[in-house]
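Participant: This is the structure I want to talk about, given as structure tokens.
The values are calculated or read from the model by the stated rules, or taken from the named source; none is laboratory data. These figures come from a predicted structure and were not determined experimentally. Every residue, glycine as well, gets a Cβ built from its backbone with ideal geometry; the counts of neighbours run over all protein chains shown.
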Amino acid sequence: MRPLSENEIRGSFVNCSKGEAGRLNLPRGLAELPWEQLDFLGWRDQGAPDRGYLVAEHGDGPVGVTLRVPSVRRSLRMSNVCSFCISIHAGSGVALLAARRAGAAGREGNTVGTYVCADLQCSLYVRGLKQSALVSRAAESLSQEEQIARTVANLGGFLAKVLTDTTA
């Protein structure tokens with residue numbers, strides 16, 4: 001992913017108002033992020049644990065999406081699989097994140113949800129750059145490049161759903 005400025009990030013959000021995008025907490029140390037290792041920029045809001053954000057190249061430029069974590073929690077004893085990068089996490093390492101759809105559909109309350117790495121660090125997990133005692137990568141016949149391409153495709157499918165106006 002190419003490095004993005006604060007203005008590019010804030011201007012990329014498609015499912016919130018410009019005012020909301022202007023007030024959201026950006027990740028610390030934007031300049032120091034490993035941009036070349038990221039397929040998307042994802043972070044959880046330290047001040048509001050029920051919020052997350054992701055920004056990815058999609059179509060002609062960056063697309064940002066605000067995410068919410070529902071108040072219902074899953075069992076901490078279960079293992080869960082991220083729908084983007086297919087990493088297996090124990091307990092709360094995968095969270096159901098819901099995005100309001102863009103446009104009129106989102107204004108009417110329509111959302112799209114998916115189970116994703118709770119810390120939104122899929123890019124680092126798929127590359128083996130981030131590990132935890134509670135996460136594993138299943139043995140696969142796909143190369144790392146193919147796994148990265150699958151992650152990008154899965155993310156693209158999610159973004160396409162967010163961008164689809166179901167009221168039309």
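Participant: Is it the case that some residue within the stretch 83-95 is farther than 24 Å from Q144 by Cβ, buried (at least 19 other Cβ atoms within 10 Å of the Cβ) and over 12 Å from the mean Cα position of the chain (by Cα)? Steps first, answer last, please.
Facilitator: Filtering the stretch 83-95 for residues farther than 24 Å from Q144 by Cβ gives 91-92, 95.
From the residues that got through so far, the ones that are buried (at least 19 other Cβ atoms within 10 Å of the Cβ) too are 95.
In the following step, the residues that additionally are over 12 Å from the mean Cα position of the chain (by Cα) were identified as none.
No - not one qualifying residue is present in the stretch 83-95.
Participant: Right, next: Tell me the residue from S71, S123 that is of a type outside the set (F, W, Y) and within 16 Å of the chain's Cα centre (by Cα), please.
Facilitator: S123
Participant: Given (1) crowded, with 18+ Cβ neighbours inside 10 Å; (2) outside any strand (DSSP E or B); (3) polar (S, T, N, Q), where does N80 come up short, assuming only one miss?
Facilitator: (2)
Participant: Return a yes/no flag: does the stretch 48-68 have any residue that is buried (at least 18 other Cβ atoms within 10 Å of the Cβ) and part of a loop (DSSP other than H, G, I, E, B).
Facilitator: Scanning the stretch 48-68 turns up no residue that is buried (at least 18 other Cβ atoms within 10 Å of the Cβ) and part of a loop (DSSP other than H, G, I, E, B).
Participant: Among the numbered criteria (1) surrounded by fewer than 22 Cβ atoms within 10 Å (Cβ to Cβ); (2) touching a strand residue (DSSP E or B) at 6+ places or on another chain (Cβ under 8 Å); (3) free of Cβ contacts under 8 Å to residues at least 60 places away in the same chain, which single criterion is violated by S71?
Facilitator: Among (1) surrounded by fewer than 22 Cβ atoms within 10 Å (Cβ to Cβ); (2) touching a strand residue (DSSP E or B) at 6+ places or on another chain (Cβ under 8 Å); (3) free of Cβ contacts under 8 Å to residues at least 60 places away in the same chain, S71 violates only (2).
Participant: Turning to a different aspect of this structure: Give the residues of the stretch 1-59 that are within 16 Å of the chain's Cα centre (by Cα) and of a type in the set (K, R), sorted by residue number.
Facilitator: R10, R44, R51
Participant: Turning to a different aspect of this structure: Only one of Y115, Y125 is among the hydroxyl-bearing types (S, T, Y) and assigned to a strand (DSSP E or B). Can you tell me which?
Facilitator: Values: Y125 fails: assigned to a strand (DSSP E or B).
Y115 is the lone residue from the list that is among the hydroxyl-bearing types (S, T, Y) and assigned to a strand (DSSP E or B).
Participant: Search the stretch 81-95 for residues being in contact with a Phe, Trp or Tyr (Cβ under 6 Å, 6 or more places away or on another chain) and of a type outside the set (G, A, S), and hand back the single one that is modelled with the highest pLDDT. Break it down into steps so the answer makes sense when it comes.
Facilitator: At the first step, the residues of the stretch 81-95 found to be in contact with a Phe, Trp or Tyr (Cβ under 6 Å, 6 or more places away or on another chain) are 83, 85, 87, 94.
Adding the requirement that they be of a type outside the set (G, A, S) leaves 85, 94.
On the way: C85: 94, V94: 90.
So the residue we want is C85.
Participant: Just one of the numbered conditions (1) within 27 Å of S17 (Cβ to Cβ); (2) in contact (Cβ under 8 Å) with a residue 40 or more places away in the chain is not true of R107; which one?
Facilitator: (2)
Participant: Follow-up question, since we're still on this one. Across the stretch 55-78, which residue is nearest to G93 (Cα to Cα) among those that are β-branched (V, I, T) and at pLDDT below 95?
Facilitator: V69
Participant: Check A139, A104 and return the single one that is surrounded by fewer than 21 Cβ atoms within 10 Å (Cβ to Cβ), assigned to a helix (DSSP H, G or I) and modelled with pLDDT under 95.
Facilitator: Matching residue, one of A139, A104: A104.
Participant: Follow-up question, since we're still on this one. Just checking, which of A133, A168, A98 is at pLDDT 95 or above and surrounded by fewer than 20 Cβ atoms within 10 Å (Cβ to Cβ)?
Facilitator: Details: A133 fails: at pLDDT 95 or above; A168 fails: at pLDDT 95 or above.
On inspection, the qualifying residue turns out to be A98.
Participant: So R44 passes all but one of these: (1) touching a residue at least 24 places away in the same chain (Cβ under 8 Å); (2) of a type in the set (K, R); (3) farther than 18 Å from C117 by Cα. Which condition number does it fail?
Facilitator: All conditions are met except number (3).
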